[in-house]
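Reviewing the structure listed below.
The values are calculated or read from the model by the stated rules, or taken from the named source; none is laboratory data. A quick note: this is a predicted structure, and the numbers were derived from the prediction, not measured. Virtual Cβ from ideal backbone geometry, glycine too; neighbours counted across all protein chains shown.
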Amino acid sequence: MSAQSVPTQARPLVIAVDGPSGSGKSSVSREVARRLGLEYLDTGAMYRAATWSVVEAGIDLADAAAVAEHVRNLDLTMATDPTAPGVRVAGHDVSAAIRETRISSIVSKVATNLDVRAEMLKRQRDLITAGRNGTHQGCVAEGRDITTVVAPDADVRLLLTASEEARLARRAKELHGSADAASVEATRDQIVRRDSDDSTVSNFEVAADGVMHLDSSALDFEQTVDAVLAAITRIVTGSVTDLDEHARAGAVS
Ligand code: DC
């Protein structure tokens, strides 16, 4: 599908999306970026790549100073084309390795290291504003603290949530191919425990002031993408300026 038109503006359009695991924020943000012809930045992948590299280097995760020092020196490249996103560490493609359970189960230990977060904040801001070759039209950046810390001045800020039940079912299907009781239980650690650990350093469960909230529990993928695109268009064209009107317009509040 060709890129949908968004009103052109002098500076790059920044769309910030936060949400818990399984809210659909990665796949939805990527598709929204693709349709709008914008860059896509998966900040969770950056924490995953950092974790992969720390493990690879044999560093003790409990040694916060050594972990932070390693991350400050990390040779990390993020490909931000939404049709071909990818992650490289020292030129090595780690896009698949960072999704393995051995990384998912420990990534919070690295993501809750405040010195690691400070380093990532700098890199994420650079990627959002510069993009590829410094010439992009804008970026959809997603994570846990994009609306609040990394890009609080983004043009559009959105918190995408879904009920715990919906999130568990979606992730179980993704990881195990089904959402039966055993698969849901096997997924619980990755969703519930990890979000609880992560929420000690960032708030991604309640929308901060000025951040729109979209609950996708009852929406499928296409409906969620459409709701996000509609909200972006309304905000960018300035047709709705009051957040209460977003709420009246649909699932967005
Ligand atoms: O979204 P994800 O599962 O790929 O995120 C990986 C980890 O990074 C997870 O523990 C949450 C954390 N994270 C974060 O703390 N801040 C972000 N902006 C993005 C992800």
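Taking segment 24-49 only, how many residues are assigned to a helix (DSSP H, G or I) and either more than 9 Å from the ligand (Cβ to nearest atom) or β-branched (Val, Ile, Thr) (or both)?
Residues in segment 24-49 being assigned to a helix (DSSP H, G or I) and either more than 9 Å from the ligand (Cβ to nearest atom) or β-branched (Val, Ile, Thr) (or both): 12 in total.
So how many residues does segment 146-156 have that are within 16 Å of Ala33 (Cα to Cα) and out of contact with any Asp or Glu (no Cβ under 8 Å at 6 or more places or on another chain)?
Count: 3.
Hey, Leu175 hits all of (1) surrounded by fewer than 19 Cβ atoms within 10 Å (Cβ to Cβ); (2) outside any helix (DSSP H, G or I) but one; which does it fall short on?
Of the numbered conditions (1) surrounded by fewer than 19 Cβ atoms within 10 Å (Cβ to Cβ); (2) outside any helix (DSSP H, G or I), the odd one out for Leu175 is (2).
Quick one: which residue in Leu159, Leu114 is more than 17 Å from Leu41 (Cα to Cα), modelled with pLDDT of 85 or more and either within 12 Å of the ligand (Cβ to nearest atom) or not charged (D, E, K, R) (or both)?
The unique qualifying residue is Leu114.
Just the residues that are not in a helix (DSSP H, G or I) and not polar (S, T, N, Q), please, taken from segment 183-213.
Val201, Phe204, Glu205, Val206, Ala207, Ala208, Asp209, Gly210, Val211, Met212, His213 - these are the residues of segment 183-213 that are not in a helix (DSSP H, G or I) and not polar (S, T, N, Q).
Just checking, which of Ile128, Ile106 is surrounded by 23 or more Cβ atoms within 10 Å (Cβ to Cβ) and within 15 Å of the ligand (Cβ to nearest atom)?
From the options Ile128, Ile106, the qualifying one is Ile128.
Determine if segment 78-91 includes at least one residue that is away from the ligand (no atom under 12 Å from the Cβ), surrounded by 19 or more Cβ atoms within 10 Å (Cβ to Cβ), under 15 Å from Gly44 (Cβ atoms) and of a type in the set (Ser, Thr, Tyr).
Within segment 78-91, one or more residues are away from the ligand (no atom under 12 Å from the Cβ), surrounded by 19 or more Cβ atoms within 10 Å (Cβ to Cβ), under 15 Å from Gly44 (Cβ atoms) and of a type in the set (Ser, Thr, Tyr).
So, in segment 15-35, exactly how many residues are over 17 Å from Gln190 (Cβ atoms), buried (at least 23 other Cβ atoms within 10 Å of the Cβ) and either in contact with a Leu (Cβ under 6 Å, 6 or more places away or on another chain) or of a type outside the set (Ser, Thr, Tyr) (or both)?
Count: 7.
State all residues of segment 204-221 that are over 18 Å from the mean Cα position of the chain (by Cα) and not aliphatic (A, V, I, L, M); if no residue qualifies, say none.
Asp209, Gly210, Asp220
Kindly list, by first and then second residue, each pair from a residue in segment 31-46 that is in contact (Cβ under 8 Å) with a residue 12 or more places away in the chain to a residue that is of a type in the set (Phe, Trp, Tyr) and part of a helix (DSSP H, G or I), limited to pairs with Cβ atoms under 9 Å and residues at least 6 apart or on different chains.
Glu31/Phe221
I'd like to know if segment 142-150 contains one or more residues that are in a loop (DSSP other than H, G, I, E, B), on the phi < 0 side of the Ramachandran plot and out of contact with any Leu (no Cβ under 9 Å at 6 or more places or on another chain).
Yes, segment 142-150 contains at least one residue that is in a loop (DSSP other than H, G, I, E, B), on the phi < 0 side of the Ramachandran plot and out of contact with any Leu (no Cβ under 9 Å at 6 or more places or on another chain).
Does Ala154 satisfy being in a loop (DSSP other than H, G, I, E, B) and touching a residue at least 40 places away in the same chain (Cβ under 8 Å)?
When the stated conditions are applied, Ala154 passes them.
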